[in-house]
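Step one of this worksheet: look at the structure below.
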Amino acid sequence: MPVIFLLFISMTALTRYLAIDLKGFDNMKIITIVAAILLLSLATLVLRFSEKRFTSDMESPSVRQDVSDHGETLSS
């Protein structure tokens, strides 16, 4: 399931919220929003690392099965 893109969208939304309403926030609310952005970025880092580290060769987009009559494996 592609959730990394959704994490990027939520980080962007929080950053825009922080940039637009910065004058009305107290320090604790700013720190909370920044911590949420940091947590989302760490989750993205973990998902990217696990995607690269634990993906099998058959699930990798660079190796796919040939659907022709030859039965050879194609590499991109």
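The values are calculated or read from the model by the stated rules, or taken from the named source; none is laboratory data. Everything numeric here is computed off the predicted structure, so don't read it as measured data. FYI the Cβ positions are ideal-geometry reconstructions off the backbone, even for glycines, and counts take in every protein chain you see.
How do the pairs read when you match residues in region 31-42 that are within 11 Å of L18 (Cα to Cα) and at pLDDT below 95 with residues anywhere that are of a type in the set (G, A, S) and surrounded by 11 or more Cβ atoms within 10 Å (Cβ to Cβ), using Cβ under 8 Å and keeping only pairs 6 or more apart or on different chains?
Matching pairs, first to second residue: none at all.
Pairs under 9 Å by beta carbon, first residue at positive phi in region 6-20, partner not hydrophobic (A, V, I, L, M, F, W, C), six or more apart or different chains?
Sorted first by the residue in region 6-20, then by its partner, the list stays empty.
Matching residues to (1) at pLDDT 95 or above; (2) polar (S, T, N, Q):
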{"position": "P2", "(1), (2)": "no, no"}
{"position": "F5", "(1), (2)": "no, no"}
{"position": "T12", "(1), (2)": "yes, yes"}
{"position": "K29", "(1), (2)": "no, no"}
{"position": "F49", "(1), (2)": "no, no"}
{"position": "F54", "(1), (2)": "no, no"}
{"position": "S62", "(1), (2)": "no, yes"}
{"position": "H70", "(1), (2)": "no, no"}
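Would you tally the residues in region 1-59 being in contact with a Phe, Trp or Tyr (Cβ under 8 Å, 6 or more places away or on another chain) and in a loop (DSSP other than H, G, I, E, B)?
Going through region 1-59 one residue at a time, the tally reaches 0.
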